[in-house]
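Here is the structure we will look at, set down as structure tokens.
The values are calculated or read from the model by the stated rules, or taken from the named source; none is laboratory data. Computed from a predicted model, the values in this text were never measured in an experiment. When we count neighbours, we look across all protein chains shown, and the Cβ atoms used for this are built from the backbone with ideal geometry, even at glycine. SASA here: full protein model, heavy atoms, side chains in, ligands and nucleic acids out. Shrake-Rupley method; radii C 1.70, N 1.55, O 1.52, S 1.80 Å.
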Amino acid sequence: MSLPAQYRFLEETGRLDNFRRAAGATGLPFQGRVYNDSDVYKWLEAAAWTLATDDDPALEQMAETVVEAIAAAQQPDGYLNTYFMFEQAAKRWTNLRDLHELYCAGHLIQAAIADRRATGRGRLFQVACHLADHICATFGPLEQGKRPATPGHEEIEMALVELARETGETRYQAQASFFLDQRGQGLIGGQAYHQDHRPFRSLERLDGHAVRHMYLNCGAADLYTETGEPALLATLERLWVQMTQRQMYVSGGLGSRHVGEAFGQDYELPNARAYAETCAAIGSVLWNWRMLALAGEAQYADLLELALYNAFLAGVSLDGTAYFYENPLADDGRHRRQAWFDCACCPTNAIRLLASLPGYVYSTSEEGIWVHLYAQGAARIQLADGRIVHLRQHTRHPWEGQVEIEVEGQGEFSLFLRLPGWCEAGASLEVNSQPLDAALQPGSYVAVHRTWRPGDSLRLNLPMPVRQMQAHPYALENTARVALMRGPLLYCVEGVDHPQLDLRDLTLAPTTAFTPTFRGDLLGGVVVLQATASQIDLPADWHRRLYRTVSGAGEQPVRQPVEITAIPYYAWANREPGPLQVWLQRTG
Ligand SMILES: [Zn+2]
């Protein structure tokens with residue numbers, strides 16, 4: 001549903017016509033923003049990942065139309081960007097800071113790799129290689145007669161590393177290294193907004209535009225995976241610790257400030273004014289996936305899952321056709337999803353991630369198969385030595401913590417099962433109905449090593465009691481407040497479920513008992529959390545003033561019991577508009 005709807009927007013907004021114009025097929029003027037080509041490429045990447053598994057002739061036709069338009073627009077020297085044509089052609093590569101040429105090129109390369117892997121066709125891939133060769137010929141050290149440069153919006157770095165993997169051509173990887181190393185030299189103005197204020201390897205914290213920083217980290221992680229350079233890994237680990245301990249929302253959202261779509265200071269995490277762009281959450285998924293692949297540590301899968309189910313998923317409506325750009329954690333009911341945006345980075349990025357999701361559930365190593373995410377489904381997985389294993393997950397996760405995995409494979413290998421960090425109550429695991437004799441530490445992978453036989457199955461139980469979360473005391477907006485989580489899901493309360501209640505008067509006690517209940521009729525089917533909480537009767541004195549002197553004795557507010565229903569945060573703003581609160585007052 002999302003892909004055809006977005007295709008119509010690509011047509012209606014002139015994004016595809018821009019390619020036809022560049023090819024000389026129409027006399028229309030350029031339409032939209034300078035970086036609009038990237039939306040076409042992201043849509044195409046999403047279509048490719050979808051066509052890898054789904055037989056959809058209509059979608060295939062749309063994708064072919066797009067590939068034709070892109071290929072026809074490429075210039076003889078390999079250059080391809082529809083804005084810099086005709087009267088703008090002299091401006092090619094003149095403003096790498098602001099005009100997004102390398103950013104668009106990166107998305108074309110990624111789309112082409114997806115198209116080649118999914119469909120086996122090579123047309124778009126040739127286009128991408130031709131453009132990449134043009135980039136390699138243009139940018140490089142002065143002594144080679146090229147231009148030193150780095151892009152204002154990162155993205156080309158990870159695309160070039162992937163292209164090197166796809167082609168075996170290490171020069172593409174060297175080009176990615178070059179762009180990374182040129183950053184922080186002041187070539188594009190030296191601003192933190194573009195992560196140009198310091199060389200990457202000396203960064204201590206996340207500054208500037210959040211999406212750009214995530215993409216930069218992805219590129220650096222990809223380079224580390226290929227080169228093993230210790231300084232890159234040390235920087236990535238340092239930034240990850242800093243981000244998760246001081247600069248991240250409880251939803252996994254990133255970027256506190258609307259100004260500059262940027263990270264804030266440590267513990268600067270406003271709720272209603274959160275920026276937390278959907279693309280930044282996607283960037284976090286992409287980065288954590290890379291960290292997981294290179295380190296095999298469950299903390300990265302934990303964060304990938306947190307960002308996926310909460311900060312990212314809230315950005316998409318339940319029917320998959322409307323999107324948030326910003327994802328606040330409190331609202332008065334005015335913030336609503338839209339089908340499209342003038343700057344459409346989030347919708348096209350969202351479908352790109354959704355289409356590639358099957359790739360995030362499992363991975364392999366020399367030892368065997370890693371299970372990162374739990375979800376109903378089946379997979380055919382090739383081990384490093386070529387053997388094929390079929391895995392089938394039977395589960396109602398994330399609503400329930402029981403997961404049964406059927407393993408159809410023969411011979412010896414390990415199955416690494418993720419024990420999520422949120423599973424503080426302790427996991428249990430049975431292999432063919434026998435409890436596994438191993439320590440099951442939350443926030444790690446447990447290895448089940450055996451000689452597998454047909455009919456083998458595992459039963460994993462991940463208890464998911466409702467957890468009341470508190471924030472670091474320096475995150476001042478959340479002082480004396482709690483947020484609710486169950487399993488990987490963050491919860492919230494919405495006005496529509498509490499028409500008589502000002503959500504700001506709602507308070508929870510540490511002893512408040514929640515009843516999780518599956519409601520198939522609500523929000524596409526969700527587990528809601530129900531509880532008897534209390535409502536503070538605001539003393540009448542406060543109706544007349546904003547401040548007052550603290551009185552020595554203090555004043556005990558009057559509380560009334562009130563029934564509340566919390567829903568998963570990702571599902572908010574799908575019913576009548578009304579207030580939202582993630583962080584609720586707590587007593588005691
Ligand atoms: Zn975005």
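Of note:
- Across region 202-232, the qualifying residues are those that are open to solvent by 40 Å² or more (accessible area, probe 1.4 Å) and of a type in the set (S, T, N, Q), and the one among them that is nearest to the ligand (Cβ to nearest atom) is THR225.
- A single entry from ALA314, ALA301 fulfils the requirement of being under 22 Å from GLU268 (Cβ atoms), under 13 Å from the mean Cα position of the chain (by Cα) and either open to solvent by less than 10 Å² (accessible area, probe 1.4 Å) or hydrophobic (A, V, I, L, M, F, W, C) (or both): ALA314.
- Within region 252-275, the set of residues being open to solvent by less than 10 Å² (accessible area, probe 1.4 Å), within 13 Å of the ligand (Cβ to nearest atom) and either in contact (Cβ under 8 Å) with a residue 60 or more places away in the chain or not in a loop (DSSP other than H, G, I, E, B) (or both) comprises GLY253, LEU254.
- Residue count, region 538-588 (criterion: without any contact (Cβ under 8 Å) to a residue 40 or more places away in the chain, open to solvent by 60 Å² or more (accessible area, probe 1.4 Å) and charged (D, E, K, R)): 5
- Region 276-297: number of residues that are in contact with a helix residue (DSSP H, G or I) (Cβ under 8 Å, 6 or more places away or on another chain), away from the ligand (no atom under 16 Å from the Cβ) and outside any loop (DSSP other than H, G, I, E, B): 7
- Of everything in region 354-380 that is of a type in the set (A, V, I, L, M) and open to solvent by less than 30 Å² (accessible area, probe 1.4 Å), the residue that is nearest to ARG450 (Cα to Cα) is ILE369.
- Search result, residues across region 54-88 that are assigned to a helix (DSSP H, G or I), among the charged types (D, E, K, R) and over 18 Å from ALA355 (Cβ atoms): GLU68, GLU87
- Residues of region 387-416 that turn out to be assigned to a loop (DSSP other than H, G, I, E, B) and either of a type in the set (D, E, K, R) or at pLDDT below 95 (or both), as a count: 5
- In region 1-40, the residue that is most open to solvent (accessible area, probe 1.4 Å) out of those that are part of a helix (DSSP H, G or I) and of a type in the set (A, V, I, L, M, F, W, C) is PHE9.
- Of all residues in region 322-346, those that are among the hydroxyl-bearing types (Ser, Thr, Tyr) and outside any strand (DSSP E or B) have Cβ atoms under 7 Å from Cβ atoms of residues that are open to solvent by less than 20 Å² (accessible area, probe 1.4 Å) and within 15 Å of the ligand (Cβ to nearest atom), 6 or more apart or on another chain, in TYR325/GLU277; TYR325/THR278; TYR325/CYS346.
- Residue pairs whose Cβ atoms lie under 7 Å apart, separated by 6 or more positions or on different chains, with the first residue in region 167-187 and over 13 Å from GLY140 (Cβ atoms) and the second of a type in the set (D, E, K, R) and in a helix (DSSP H, G or I), are GLN173/GLU226; LEU180/GLU157.
- Counting only strands (runs of 3 or more DSSP E) wholly contained in region 452-503, no element carries 2 or more residues that are surrounded by fewer than 14 Cβ atoms within 10 Å (Cβ to Cβ).
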